[in-house]
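The block underneath contains the structure these notes are about, expressed in structure tokens.
The values are calculated or read from the model by the stated rules, or taken from the named source; none is laboratory data. Owing to the predicted nature of the structure, the values given are computational and were not obtained by experimental measurement. Cβ: placed from backbone, ideal geometry, glycine included. Neighbour counts: every protein chain shown. SASA here: full protein model, heavy atoms, side chains in, ligands and nucleic acids out. Shrake-Rupley method; radii C 1.70, N 1.55, O 1.52, S 1.80 Å.
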Amino acid sequence: MDRISQLPDELLLKILALLPSMKDVVDTMLLSKRWQFLWMMVPTIKYNDTLDRYSKHKYGSFSLFVDKSFSKHEAPIIETLLFKLDHISGCGNIQAWMRSADKRCVRELIIQIDTLTFKKPVSLPWSLFSGGCRMLVTLKLTNAVLVDDFTSQISFPSLKTLSLESMKYPSGEFVKKLLSNCHVLENLVVEQCHVDSVNIFTVIVPCLKSLVMKTLNTRVGNDAQGFVIDAPSLEKFNILHSSGFCIFENDMTKVVDANLVVVNWKLWKKLGSIASFKRLYLCVPSSKDVYTARSVFTSLVHLKICTCETEWVNLLMRVLGDSPNLRALKLDQCHPLRSYEPRPCWNPSWNEPSSVPECLLSNLETFEWVTYEGAEEEIEVVAFVFRSAKYLKKAAINIHSKTNDTDKKLEVIKELFSSSRGSPACVLELR
């Protein structure tokens, strides 16, 4: 007995939605009469163009398969519609497919273009932005071209999540117009590429809560490029910036979670006006201009510092001194060290008792170090934290060595266990 076929339609449709592609979904019609028309109601449609799977398939070419299956699909609401195009067969049909999608209640639309197989840029039709997909809640675009016809209005009345990765825009003004017409947008992801024609990417979205901004390495060296962010409702941001500037236009008093990875530091002094941080991750080249003097992060309880930069120790000490309520500290070498930049010469002047940060004396409870190698400055930092943290409960050290020198590892372990601890309740865990 076919037990799966006895399940209710609602559950079977959820199972079909988990299949990797629409071809796999349609193939289930051959199982039995019970399945013959079930595929037409599946709420998730994934069209994945791969030459080997469709060139000799009984449905014909990829484009023909999309045309036939999409026209027969009858689900009243499409939760997810995915087009992953990595063969030339999809290039000429994408505009027709978008017109068909405009007439359907699509909640999530994902379009991914493989630039390795598409030699010419793929332009998305204006109907995508001019009010056709009024029910769209999530839009994710990758490696495509956005076109402005200058006559129609952009309209995304329901859009809450927008992802733009390696896109090409007609102008910076188009970007402003696009974002300003997303009146309920809460989540924005932007990954800029060197051909996007936008030097200053401006984000003015009053309702935005989460922001991810990235620049690719190909943009390094152009200080005229950067981000301008005006999002007073922002609660979380993740910025990876290779060069140029980033400006926060207004104070953001609701930010709780922030990640900053910056290669060349420009115009970040506004960071000091954000006093609402609870979790902060920093990987920056210098501690001098991270934020203005006399800034205090009273809400900060979780801090992560990347140790790949040469001045990470100075950055760590500064942030510790300005975070009186910090409870958790994590150090990690998240990126490769730059071989052309020497590691810092250790300066023990901050070891004086008068410079011990308040958080170590009264609040720090957990301390974690990933990729600990036992370098001179690392040994001193561990010793300082162990000695100064009066309420430390747990210290986890992940010993990492570039070599298989067992004696070196044993020496590092011995050094760690022999370090004096200001908190007798502290448990040391080696990984």
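For this structure, a couple of remarks:
- Among the candidates 12, 51, the residue that is at pLDDT below 85, touching a Phe, Trp or Tyr at 6+ places or on another chain (Cβ under 9 Å) and of a type in the set (A, V, I, L, M) is uniquely 51.
- For the stretch 266-307, a residue qualifies if it is over 12 Å from residue 322 (Cα atoms), open to solvent by 10 Å² or more (accessible area, probe 1.4 Å), out of contact with any Phe, Trp or Tyr (no Cβ under 8 Å at 6 or more places or on another chain) and at pLDDT below 90, and the qualifying residues are 276, 287, 288.
- Residue 46 meets each of the listed conditions (1) farther than 21 Å from residue 103 by Cα; (2) among the charged types (D, E, K, R); (3) at pLDDT 90 or above; (4) buried (at least 17 other Cβ atoms within 10 Å of the Cβ) apart from (1).
- In the stretch 193-207, the qualifying residues are those that are closer than 14 Å to residue 181 by Cα and among the β-branched types (Val, Ile, Thr), and the one that is nearest to the chain's Cα centre (by Cα) is 203.
- Looking only at residues in the stretch 357-380 that are at pLDDT below 90 and of a type in the set (A, V, I, L, M), the one that is most open to solvent (accessible area, probe 1.4 Å) is 379.
- Every residue from the stretch 182-200 that is over 18 Å from residue 239 (Cα atoms) and either of a type in the set (Gly, Ala, Ser) or surrounded by fewer than 17 Cβ atoms within 10 Å (Cβ to Cβ) (or both): 183, 184, 195, 197
- Of the residues making up the stretch 204-218, those that are of a type in the set (A, V, I, L, M, F, W, C) and part of a loop (DSSP other than H, G, I, E, B) number 4.
- There is no residue in the stretch 309-316 that is closer than 22 Å to residue 232 by Cα and either at pLDDT below 85 or under 21 Å from the mean Cα position of the chain (by Cα) (or both).
- Only residues that are over 29 Å from the mean Cα position of the chain (by Cα) and farther than 13 Å from residue 40 by Cβ were counted across the stretch 4-14, and they come to 7.
- Of the strands (runs of 3 or more DSSP E) entirely within the stretch 97-203, those holding at least 2 residues that are modelled with pLDDT of 85 or more and in contact with a Lys or Arg (Cβ under 6 Å, 6 or more places away or on another chain) occupy 105-113.
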